[in-house]
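Engineer: Sharing a structure with you now.
The values are calculated or read from the model by the stated rules, or taken from the named source; none is laboratory data. Here the structure is a predicted model, which means the values were calculated and not measured. Virtual Cβ from ideal backbone geometry, glycine too; neighbours counted across all protein chains shown.
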Amino acid sequence: MRTIDVNSDMGEYESQDFLGREALLMPLITSVNIACGVHAGNPDLMRRTARLAAQHGTAIGAHPGFPHAGDFGRHDRRTSPEEVESLVSIQLKTLTDVLASDHLTLSHVKLHGALYNLAAKERAIADAVTRAVASFDQQLLLFALAESALVDSGRAAGLSMVQEAFADRAYRSDGTLVPRSESGTLLQTEHHVRRQLHEILNGYVTSIDGQQVALQSDSLCVHIDTPHAVEFVRLVRTEIESADARIARPRAH
């Protein structure tokens with residue numbers, strides 16, 4: 001039976017609304033990606049989110065991104081591979097140090113925002129991310145946009161890759177995500193999310209310009225800041241189970 005992970009990015013917001021949403025979402029997902037204090041988050045938020053994950057048996061991952069300069073780490077930055085490698089390494093250590101105080105373990109890494117998209121397209125940046133993760137802990141799983149440059153880079157370095165697809169984001173015909181700066185990037189109705197889920201579970205997705213793009217996914221992401229995120233995660237779980245698949249955290253392979 002096919003196994004699919006369900007993940008979400010957390011530890012990015014301090015408002016009671018988002019903290020309450022995290023509490024509702026955590027029992028429904030199998031992996032959580034925790035902001036490491038650069039694009040968002042702080043040690044207290046990291047610790048709170050990690051403890052909540054531990055209560056529900058949710059795999060704990062790092063969510064490193066570009067520094068927040070008023071854009072939440074979502075705008076492209078021209079930076080060198082060396083800078084990216086250092087940036088990722090520092091954030092992995094930050095979260096690992098926080099987890100150590102509660103004897104919790106880091107299981108995976110998933111990049112955030114513009115860094116995620118850049119590593120998906122540019123092999124030199126992907127290789128820098130791979131070096132940072134592999135040198136920090138070769139056993140860490142590395143999440144990456146399905147069929148992207150980061151998947152190829154991680155595999156070449158011997159890392160266990162988790163290919164990720166998005167139930168709530170629009171795709172371009174090259175398999176990359178439509179940037180958040182453009183209209184139509186977030187799917188906001190149950191009808192659209194259900195349709196995209198059906199496609200993803202059948203190995204493809206329809207791009208914003210109507211092209212079918214092949215992809216294989218090990219994990220499905222729903223963003224916590226998507227409207228109706230909790231309802232969408234419940235929908236994701238229902239659709240996965242209806243497709244005769246099992247929902248479970250990813251494993252090294």
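Engineer: Write out, first by first residue and then by second, each pair whose Cβ atoms fall under 9 Å of each other, whose residues are 6+ apart or on separate chains, and whose first residue, in the stretch 27-51, is under 17 Å from residue 93 (Cα atoms) while the second is aromatic (Phe, Trp, Tyr) and not in a loop (DSSP other than H, G, I, E, B).
Structural biologist: Matching pairs, first to second residue: 33/143.
Engineer: Which numbered condition trips up residue 184, out of (1) within 19 Å of residue 228 (Cβ to Cβ); (2) crowded, with 16+ Cβ neighbours inside 10 Å; (3) not hydrophobic (A, V, I, L, M, F, W, C)?
Structural biologist: Single failed check for residue 184: (2).
Engineer: Okay, moving on. Would you mind stating whether residue 226 is surrounded by fewer than 18 Cβ atoms within 10 Å (Cβ to Cβ), in contact (Cβ under 8 Å) with a residue 24 or more places away in the chain, closer than 24 Å to residue 12 by Cα and in contact with a helix residue (DSSP H, G or I) (Cβ under 7 Å, 6 or more places away or on another chain)?
Structural biologist: Judged against the criteria, residue 226 is not a match.
Engineer: Tell me yes or no: at least one residue of the stretch 242-251 is in a strand (DSSP E or B) and basic (Lys, Arg).
Structural biologist: Within the stretch 242-251 (the criterion being in a strand (DSSP E or B) and basic (Lys, Arg)), the answer is yes, since at least one residue qualifies.
Engineer: Is it the case, given these coordinates, that residue 199 is within 12 Å of residue 25 (Cα to Cα), under 20 Å from the mean Cα position of the chain (by Cα) and not in a strand (DSSP E or B)?
Structural biologist: Against the criterion (within 12 Å of residue 25 (Cα to Cα), under 20 Å from the mean Cα position of the chain (by Cα) and not in a strand (DSSP E or B)), residue 199 does not qualify.
Engineer: Another question, if that's okay. Please go through the stretch 67-97 and pick out each residue that is more than 29 Å from residue 4 (Cβ to Cβ), modelled with pLDDT under 95 and surrounded by 14 or more Cβ atoms within 10 Å (Cβ to Cβ).
Structural biologist: Result: 68, 71, 75, 76, 77, 79.
Engineer: Give just the number: which of (1) modelled with pLDDT under 95; (2) farther than 17 Å from residue 32 by Cα does residue 137 not satisfy?
Structural biologist: It is condition (1) that residue 137 fails.
Engineer: Do we find that residue 135 is polar (S, T, N, Q) and either crowded, with 24+ Cβ neighbours inside 10 Å or farther than 25 Å from residue 206 by Cβ (or both) in this structure?
Structural biologist: yes
Engineer: On to the next question. Mind listing whichever residues of the stretch 141-184 are at pLDDT 95 or above, among the hydrophobic types (A, V, I, L, M, F, W, C) and in contact with a Lys or Arg (Cβ under 7 Å, 6 or more places away or on another chain)?
Structural biologist: Across the stretch 141-184, the qualifying residues are 143, 149, 161.
Engineer: Moving to a separate point now. Name every residue in the stretch 194-253 that is of a type in the set (Val, Ile, Thr) and closer than 19 Å to residue 146 by Cα, in order of residue number.
Structural biologist: Result: 200, 205, 206, 208, 213, 222, 236, 240, 247.
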